[in-house]
Structure formats: structure tokens, C-alpha cells
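Just so it is clear, none of the values below were taken in a lab; they were calculated from the coordinates. In this text, all values refer to a predicted model and were calculated from it rather than measured experimentally. For neighbour counting, all protein chains shown are included, and Cβ atoms are generated from backbone atoms with ideal geometry for every residue, glycine included.
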Amino acid sequence: MAKSTSEENLAKLFGSVSRARILVLLFAHVGGKLYQREIMYETGLSLQPVQRELANLVDLGIVRKQETPNRVYYEINQESSLCKPLKETCKFVPRQRD
């Protein structure tokens, strides 16, 4: 499956290209934490869509947010009941920056 087709299908499933890109990135780093600017850089997305989708994913319990004095980190919530099915879905999409 081509990247654009895979990404389009994932976006249709999740309702957002931005959300799909962020999930693919975070699932590629399960067990690790990324901060907002890293997510922006790696996904090629601007600040507003990254902030909006991270807030949505945190509200859904799929992503955990950890605030430190200097940065806010995000990681996949491996205890979420959605973690395993989402991981299986996201692994079919190649992760590439634009």
C-alpha cells in the first residue's frame, strides 16, 4: 500500500490526518516520551493542529501528558484499552516526514 493511500485510509478512520500522523509517530516510540516541538518536527505539522490533536488524544486516554518545569512530554498510554488495536492499525502506515 502506498504511503498516501495508507495515510488517507488512516485519516478516514480517525477523522484527521494530523491525529493519524501523531499516533503513528507516538506508536513508533512506545515507551519513550516526545515533547511538542519534536512531534511538530517529526510529523511536519504546525503548532495548532499538534496542540489540538494531542489534547484530544489525552482526553481520550490514548496519550499521557507529563509536565516538567521546562517541557511537556507526551507518550502512548500503554494501559489504555485502545492501545493494542491502535498499535496494530498504525504499524501499517510508513512513518515519514513531509
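Points worth noting:
- Stokes-Einstein translational diffusion, the range 3-90 - Kirkwood Rh over all Cα pairs, 1.002 mPa s, 20 °C, in µm²/s: 165 µm²/s
- Under 5 Å from the amide H of TYR35 lie the amide H atoms of TYR74, each residue being 5 or more positions distant or on a separate chain, with H modelled from the backbone and absent for Pro and chain starts.
- Fewest-first ranking of ILE22, ILE76, ILE39, using other Cβ atoms within 10 Å as the exposure measure: ILE39, ILE76, ILE22
- GLU38 paired with GLN78, simple spin-label distance in nm, labels 7 Å along Cα-to-beta-carbon: 1.6 nm
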